[in-house]
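Engineer: Starting off with a structure, shown below.
Throughout, read-outs are computed from the coordinates displayed, never taken from laboratory work. Here the structure is a predicted model, which means the values were calculated and not measured. With ideal geometry, Cβ positions are generated from the backbone for all residues, glycine too; neighbour counts draw on all protein chains shown.
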Amino acid sequence: MTILELMERTGIKNETLAIAYIKDAIHLIQSNTKEKIKVNKQNILNASDSDDNVYRLPADMISIENVSILDTSDKRYKRIKRLSGQPHYLLEDTQP
Amino acid sequence: MSSYVDKEYFYYLRGRELLLYKLLGSRNRTRITQSGILQSYHNELMYPDENITDGLRIEYTALNDPFISESFESSTGYGTGTIFTFTASNRYIGTGINNWWKDHGFSEGDKIRIQGSTSNDGEHIISGGVGTSISGSASTIDLTSASTLVDESAGANITITQVPEPDTITSPNTTSHINLNKMLCLAVVDYVKAMIHEERGEIDKKEYYMKEFFSKLADNESNKRLVSSAFPISPFAVR
């Protein structure tokens, strides 16, 4: 369906507004279902200071489907579990 | 070397960040040499203690390529076989069979995804037929200059699929197609109607169209799950 067809079906005259609404709708669809999946890969670092375990979530992410780690011993990505709460820090220092 | 990562790694979500932890006392390290020790209930956690290239993989939904240049339903080009040869110097993909590209639903300007190739997997855009057009009887195509190929002989079992070509997000126009199937496009129509009624303050109509929107979303999902189940019948049931 083209943008023009959608504008005719809805009676909307403003093209920019129509495009904005369409993006909003796709956003809502992606938030509720899994219409299109993207994959983001990042290097894991050998932690040397207290924020080296912090990784940035993709900026265009709407919802996470799963998180996995590369098992280099058999070259497969394996899904990992989410912690429901942040662990209590015994030591923030990396060399206790 | 990482192993048993599914049992040893955990993540925690903090706002726009993902915090990665590794189980202390795993088979890879002993407690004496640990660094960054953390405590979670009875299990101690620490920061990752190894470098893994592309080690963290996040699958997610995103607002990517909302508009495409060709309708989703007409992107049906598909072909597979062991006939494909790749020529790096002029970005040719040959099949040796006249009309192969036309017969399999491809045309000039299509975006294609190559899978199964030894070194040419990826997405490319078809520039045109070589010697003659695709709608003529071309057996070989060339790709746009944006593509880079590696020489490869026929033999690998390769699949070539047409994928929707995105319109630039910054400049979609009225002729751009929405990157959704027909059912979800109709859901988008309901969403836009709902927003129009919301602007007018007609909340009851807005609610009606939002209900229609979610109904079509649900239909679209359930349409993929129309599966039948077969139950084995016990031989004692035979009469």
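Engineer: Using amide H atoms built 1.01 Å from N in the peptide plane, name the residues 5+ places from B:E165, or on other chains, whose amide H lies under 5 Å from its own.
Structural biologist: Amide H to amide H, under 5 Å and 5 or more residues apart or across chains, B:E165 pairs with B:S69, B:E70, B:K111.
Engineer: Please report, in debye to the nearest 20, how large the charge dipole of chain B is about its Cα centre when each Lys and Arg carries +1 at its beta carbon and each Asp and Glu carries -1 there. Can you show the working numbers first?
Structural biologist: Details: 22 positive and 30 negative charges, 172 e Å.
Taking the Cα centre of chain B as origin, the dipole is about 820 debye.
Engineer: A further question follows. What are the radius of gyration and Dmax of the protein assembly as shown, computed over its Cα atoms and given in Å?
Structural biologist: That works out to 25.7, 75 Å for Rg and Dmax.
Engineer: Turning to a different aspect of this structure: Rounded to the nearest 10 degrees, what's the angle between the helix A:15-32 long axis and the longest principal axis of chain A, both from Cα atoms, 0 to 90?
Structural biologist: In chain A, helix A:15-32 runs at an angle near 40 degrees to the longest axis.
Engineer: Specify which residue in the list B:Y4, A:I3, B:T174 is farthest towards the positive end of the charge dipole of the protein assembly as shown, using unit charges on the beta carbon of Lys, Arg (+1) and Asp, Glu (-1), about the Cα centre.
Structural biologist: So the residue furthest toward the plus end is B:Y4.
Engineer: Same structure, new question: Among B:L20, B:L226, B:L63, which one moves the most in a GNM of chain B with springs linking Cα atoms closer than 10 Å?
Structural biologist: The residue that fluctuates most here is B:L20.
Engineer: Still on this structure, please answer the following. Compute the normalised compactness of region B:101-221: alpha-carbon radius of gyration over 2.2 N^0.38 Å, N being the residue count.
Structural biologist: Values: Rg = 20.9 Å, N = 121, 2.2 N^0.38 = 13.6 Å.
That ratio works out to 1.54.
Engineer: So what's the Cα pair-distance distribution over chain A, bin width 5 Å, in %?
Structural biologist: Reading upward from the zero bin: 2, 9, 13, 14, 14, 13, 8, 7, 7, 6, 4, 2, 1, 0.
Engineer: Now for a different question. Could you tell me the calculated FRET efficiency between B:R225 and A:R56, based on Cβ-Cβ distance and R0 = 30 angstrom, to the nearest 0.05?
Structural biologist: On the way: r = 34 Å, r/R0 = 1.15.
The formula returns an efficiency of 0.30 here.
Engineer: Which far-off residues, 5 or more places away or on another chain, put their amide H under 5 Å from the one on B:I125, with H placed in the peptide plane?
Structural biologist: Long-range HN contacts for B:I125: B:I112, B:T144.
Engineer: Of the residues A:I29, A:I19, A:I69, which exhibits the maximal mean-square fluctuation in a Gaussian network model of chain A defined by a 10 Å Cα contact cut-off?
Structural biologist: Evaluated over chain A, the most mobile residue of the options is A:I19.
Engineer: Can you give me the C-alpha center-to-center distance between region A:1-58 and region B:121-140, rounded to a whole angstrom?
Structural biologist: Each part's Cα centre sits 32 Å from the other's.
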